[in-house]
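Derivation of every value follows stated rules applied to the coordinates shown; laboratory data play no part. Just so you know, these numbers come straight off a predicted model, no measurement behind them. Cβ placement follows ideal geometry from the backbone for every residue including glycine, while neighbour counts extend to all protein chains displayed.
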């Protein structure tokens with residue numbers, strides 16, 4: 001019912017009004033009777049529609065507002081100040097970043113270094129036993145491999161036999177010389193006494209040489225067991241049982257796990273901020289936790305290509321372009337203080353090395369550290385990195401810890417009497433009776 005009533009009101013409003021005298025128009029446009037409620041609402045709706053058509057003053061949100069000059073000036077100034085502030089922050093950040101990359105004591109060119117013990121046999125022979133495998137950890141003094149000991153055992157027995165022979169000869173000649181020295185001039189001559197004394201001295205020298213040969217044979221026999229000189233890992237093991245080991249030729253390498261250190265190759269523009277004793281943080285590729293250490297030494301010399309001789313022995317100086325000058329890199333040796341658990345040290349691994357000031361506190365709030373870092377960078381840009389007196393001492397007074405290996409020592413040599421007891425009786429003893 002509501003829909004039909006609305007339609008009738010609309011049709012009535014849009015229908016043209018005929019003149020009162022036209023009966024045909026009145027008959028044609030005669031409308032059907034309407035309910036009383038619609039007849040009461042229709043005039044009000046027509047009045048509202050007519051009112052909406054009449055033009056009038058524009059009011060409400062769509063009316064244009066009057067612009068305030070003071071407000072417009074304030075907005076413009078704020079925009080300009082914001083743009084200026086953003087530009088200043090960008091300039092400061094650019095300067096800080098540039099100074100950090102140019103003068104800050106850090107480098108991505110870091111390497112893990114280690115000492116490698118190149119083990120070579122001191123004797124030659126065939127390898128009959130191999131007791132280690134590749135990448136196996138060995139202790140100092142542990143046997144790595146064994147060389148066939150047969151030839152050296154024979155040499156030792158032969159040397160002992162010769163030493164026994166020389167000892168007997170020495171004992172007899174010493175007694176003869178002593179007896180000759182006690183005879184009177186009627187029984188001997190000075191020439192015979194000198195001859196017997198000289199023979200005794202010669203026999204003693206031959207005996208001592210035989211003893212040295214025995215000592216050498218004993219040491220060679222011990223050297224058939226090649227031992228590790230350090231604690232570490234066997235690396236790149238290529239030998240096998242049956243190979244022939246040559247004297248002085250390296251055939252096995254052991255990485256000394258007690259000698260790891262870091263080398264940071266710093267540009268010369270950053271050396272002013274590197275001091276001996278400074279704290280160092282090094283991050284290996286693939287690991288988040290840093291390795292802690294300190295600056296031990298700074299290399300005092302690097303190779304100079306211009307030092308080579310050219311034609312006719314004259315110095316060969318390479319041309320330098322003033323607009324392209326690369327900073328040289330100087331090796332800085334870093335001693336390792338602590339390694340986080342789970343990080344293996346492998347010689348040759350790359351690291352990002354950052355040098356911290358020795359007086360820099362690591363427990364300060366991050367905001368204070370950031371502000372201090374920005375101030376330092378800005379001062380470096382304006383005045384350059386400050387030189388720290390006594391940073392790198394002119395003369396290194398520290399001495400490295402001496403390292404040594406146990407060496408083979410000759411055992412106490414036996415006397416002729418111990419080798420051949422009772423062979424030569426004393427002068428006071430009478431000749432032995434034969435039965």
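Values computed for the structure shown
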{"item": "Point-to-point label distance, residue 195-residue 76, nm (Cα→Cβ direction, 7 Å offset)", "result": "13.5"}
{"item": "Projected label distance in nm at residue 403 and residue 327, using a 7 Å step from Cα toward the beta-carbon", "result": "3.3"}
{"item": "Taking region 116-253 and dividing mean pair separation by its residue count, relative contact order in percent (alpha carbons under 8 Å, at least six apart)", "result": "53"}
{"item": "Residues 395, 147, 302, 419, sorted so that the one with the fewest Cβ neighbours within 10 Å comes first", "result": "395, 302, 419, 147"}
{"item": "Relative packing of peptides 91-104, 163-176 - highest average C-beta neighbours within 10 Å first", "result": "163-176, 91-104"}
{"item": "Estimated FRET transfer efficiency when R0 is 56 angstrom, pair residue 111-residue 178 (beta carbons, to 0.05)", "result": "0.20"}
{"item": "Shape of region 239-353, Cα gyration tensor, a/c cut at 1.5", "result": "oblate"}
